[in-house]
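Notes follow once the structure below has been shown.
The values are calculated or read from the model by the stated rules, or taken from the named source; none is laboratory data. Just so you know, these numbers come straight off a predicted model, no measurement behind them. Note that each Cβ is placed from the backbone with ideal geometry, even for glycine, and that neighbours are counted across all protein chains shown.
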Amino acid sequence: MSAVMIRPARVLDAGKLGDILAAANRQLAWLPPLYTSAEEIMLIGDMIDAGWVRTAYVDDGLVGFIARKGTEVHALAVVPHMEGQGVGRAMMRDAQRKAKKLGLWSYQANDRATYFYERAGFVEILRTDGAGNEAHLPDIRYEWQREAE
């Protein structure tokens with residue numbers, strides 16, 4: 001695989017990023033649909049406008065994105081055929097280079113994400129019954145902190 005290039009998202013990326021998120025979510029049979037396609041594109045567009053989104057390209061193809069506001073990671077998604085190829089890891093390393101600490105929520109049922117975040121150095125802080133998230137699914141709070149230099 002060619003190198004992963006990370007760069008800020010452009011407003012025109014919103015539709016493609018919505019497609020990437022929808023494809024990633026379709027793989028999770030246990031995840032109920034929370035938004036329509038149009039709503040996902042609108043939400044991603046708002047995050048792009050706010051400057052939260054960085055995109056991953058391989059061979060000039062848009063293959064993933066990460067949305068981060070300050071120290072909070074709100075979304076990370078990779079096109080299904082590129083999962084396990086280092087795209088998500090490249091985006092997370094980029095975010096970790098730019099922060100002293102990061103936090104995020106992940107669903108307990110998402111074993112692949114749990115493995116990914118723990119390998120990226122995130123530590124489980126809390127588990128909940130899901131009452132506080134939109135899907136009402138049990139989740140896990142993860143946090144990462146850069147080691148003292």
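Got a number for residues in region 126-145 being in a loop (DSSP other than H, G, I, E, B), in contact (Cβ under 8 Å) with a residue 40 or more places away in the chain and in contact with a Gly (Cβ under 8 Å, 6 or more places away or on another chain)?
Looking only at region 126-145, we keep the residues that are in a loop (DSSP other than H, G, I, E, B), and these are 129-138.
Right, trim to in contact (Cβ under 8 Å) with a residue 40 or more places away in the chain and you get 134-135, 137.
Now drop any that are not in contact with a Gly (Cβ under 8 Å, 6 or more places away or on another chain), which leaves 137.
Final tally of qualifying residues: 1.
Give, as residue ranges, the helices (runs of 4 or more DSSP H) completely inside region 23-121 that count at least 3 residues that are basic (K, R) and closer than 23 Å to R141 by Cα.
Values: elements: 37-49, 87-97, 111-119.
Answer list for region 23-121: 87-97.
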Subject >> Test result for D13, surrounded by 16 or more Cβ atoms within 10 Å (Cβ to Cβ), of a type in the set (D, E), part of a helix (DSSP H, G or I) and at pLDDT 95 or above >> reply: yes
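Regarding region 33-46, can at least one residue be identified that is in contact with a Lys or Arg (Cβ under 6 Å, 6 or more places away or on another chain) and within 18 Å of S106 (Cβ to Cβ)? I'd like the intermediate steps shown before the answer.
Of the residues in region 33-46, the ones in contact with a Lys or Arg (Cβ under 6 Å, 6 or more places away or on another chain) are none.
No, region 33-46 contains no residue that is in contact with a Lys or Arg (Cβ under 6 Å, 6 or more places away or on another chain) and within 18 Å of S106 (Cβ to Cβ).
Being touching a Gly at 6+ places or on another chain (Cβ under 7 Å), modelled with pLDDT of 95 or more and surrounded by 15 or more Cβ atoms within 10 Å (Cβ to Cβ) narrows it down to one of A67, A75, A56, so name that one.
Of A67, A75, A56, the one residue that is touching a Gly at 6+ places or on another chain (Cβ under 7 Å), modelled with pLDDT of 95 or more and surrounded by 15 or more Cβ atoms within 10 Å (Cβ to Cβ) is A56.
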**OP:** List every residue pair whose Cβ atoms lie under 8 Å apart, where the two residues are 6 or more positions apart in sequence or sit on different chains, the first residue falls within region 105-125 and is among the polar types (S, T, N, Q), and the second residue, located anywhere, is assigned to a helix (DSSP H, G or I) and crowded, with 16+ Cβ neighbours inside 10 Å.
**Re:** S106/A113; S106/T114; S106/Y117; Q108/T114
Subject >> Condition check for F116: within 23 Å of L43 (Cα to Cα), aromatic (F, W, Y) and surrounded by 12 or more Cβ atoms within 10 Å (Cβ to Cβ) >> reply: no
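Restrict the check to region 30-39 and report whether at least one residue is within 25 Å of G86 (Cβ to Cβ), modelled with pLDDT under 95 and surrounded by 15 or more Cβ atoms within 10 Å (Cβ to Cβ).
To start, the set of residues in region 30-39 that are within 25 Å of G86 (Cβ to Cβ) comprises 31.
Applying the additional criterion that residues be modelled with pLDDT under 95 yields 31.
If we keep only those that are surrounded by 15 or more Cβ atoms within 10 Å (Cβ to Cβ) too, we end up with 31.
Yes, that holds for at least one residue.
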**OP:** Kindly list, by first and then second residue, each pair from a residue in region 48-66 that is within 17 Å of K98 (Cα to Cα) to a residue that is among the charged types (D, E, K, R) and buried (at least 23 other Cβ atoms within 10 Å of the Cβ), limited to pairs with Cβ atoms under 7 Å and residues at least 6 apart or on different chains.
**Re:** W52/R68
**OP:** Pull up region 124-146, narrow it to residues that are within 16 Å of the chain's Cα centre (by Cα) and of a type in the set (A, V, I, L, M, F, W, C), then point me to the one that is farthest from P33 (Cα to Cα).
**Re:** W144
